[in-house]
Amino acid sequence: MPTRSTRPASTSRRRPRLRLSVQLAPRAGECPVDRAQLRRWTLAALERDADLTLRFVGRLEGRRLNAQFRARDYATNVLTFAYPQTSPQHGAAAIVADVVVCLPVLAQEARAQRKRLRDHLAHLVVHGVLHAQGMDHLTPEDAQRMEQRETQILARFRIADPYR
């Protein structure tokens, strides 16, 4: 009688390569997790190689960036800036982007929504990385697809569905 293997089938898909820069701006506050955890969350959301910067900012810089690039005069929780690939060091499918998280807004939202700061940060990092890969939430269908993907990724870290 043939035996069944309990090992998962191997996949030919390799793990994306990530070059990650983490920046903490003056007056941003303290990041509640270390670089290794930020890297794990980022990698979990990646589908392609990437050169990403996670920048943590205060309200003033967050407001300035939101006003300059989105014409909205308030600090928002996360902004993503994806750039066209112009350098030969990046492969054709590589992502080059900055994800900017406003730590004071993050903390305010976490308190108001009664979420752990760490869990809310994980959500915003994943959200920003998905935006860097072209996902968006402009239509109800796109929003549902993006929210499902975020929820799946966060579940790997035992983080509850942020939309419930």
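Values quoted throughout were computed directly from the atomic coordinates according to the rules given, and no laboratory measurement underlies them. Being a predicted model, the structure only gives us computed values, none of them experimental. Counting neighbours? That spans all protein chains shown, and the Cβs are built from the backbone with ideal geometry, glycine included.
Couple of notes before you dig in:
- For the chain, modelled as a GNM whose springs connect Cα atoms under 10 angstrom apart, the maximal fluctuation among Thr42, Thr53, Thr139 occurs at Thr139.
- The chain: C-alpha pair distances exceeding 24 Å, %: 38
- Taking Gln113, Gln152, Gln133 in turn, the Gaussian network model of the chain (Cα-Cα springs below 10 Å) assigns the largest fluctuation to Gln113.
- Beta bridges per DSSP, both residues in the chain: antiparallel share near 30 percent.
- Cβ crowding within 10 Å ranks His127, His120, His137 as His137, His120, His127, fewest other Cβ atoms first.
- Ranking Ala75, Pro32, Leu18 by how far each Cα lies toward the positive end of the dipole of the stretch 18-85 (charges on Cβ) leaves Ala75 at the top.
- Neighbour net charge for Leu117 - beta-carbon separation under 15 angstrom, K R +1, D E -1: +1
- A simple charge model with +1 on the Cβ of Lys and Arg, -1 on the Cβ of Asp and Glu and nothing else charged puts the dipole of the stretch 109-159 at about 460 debye relative to its Cα centre.
- Every helix of 4 or more DSSP H residues in the chain counts as -39500 (n - 2.57), and over all residues that averages to -12500 deg cm²/dmol at 222 nm.
- Proximal charge balance of Ala25 [Cβ under 10 Å; K/R count +1, D/E count -1]: +1
- About its Cα centre, the dipole of the chain is roughly 620 debye, where the only charges are +1 on Lys and Arg Cβ and -1 on Asp and Glu Cβ.
- Centre-to-centre separation between the Cα atoms of the stretch 118-157 and those of the stretch 96-113: 14 Å.
- Here the extension length gained between Ala107 and Val22 equals 28.7 nm, from 0.36 nm per residue of separation less the Cα-Cα distance.
- Between Ala50 and Arg17, Leu18, Arg19, Ile95, the built amide H atoms are under 5 Å apart, and every one of these is 5 or more places off in sequence or on another chain.
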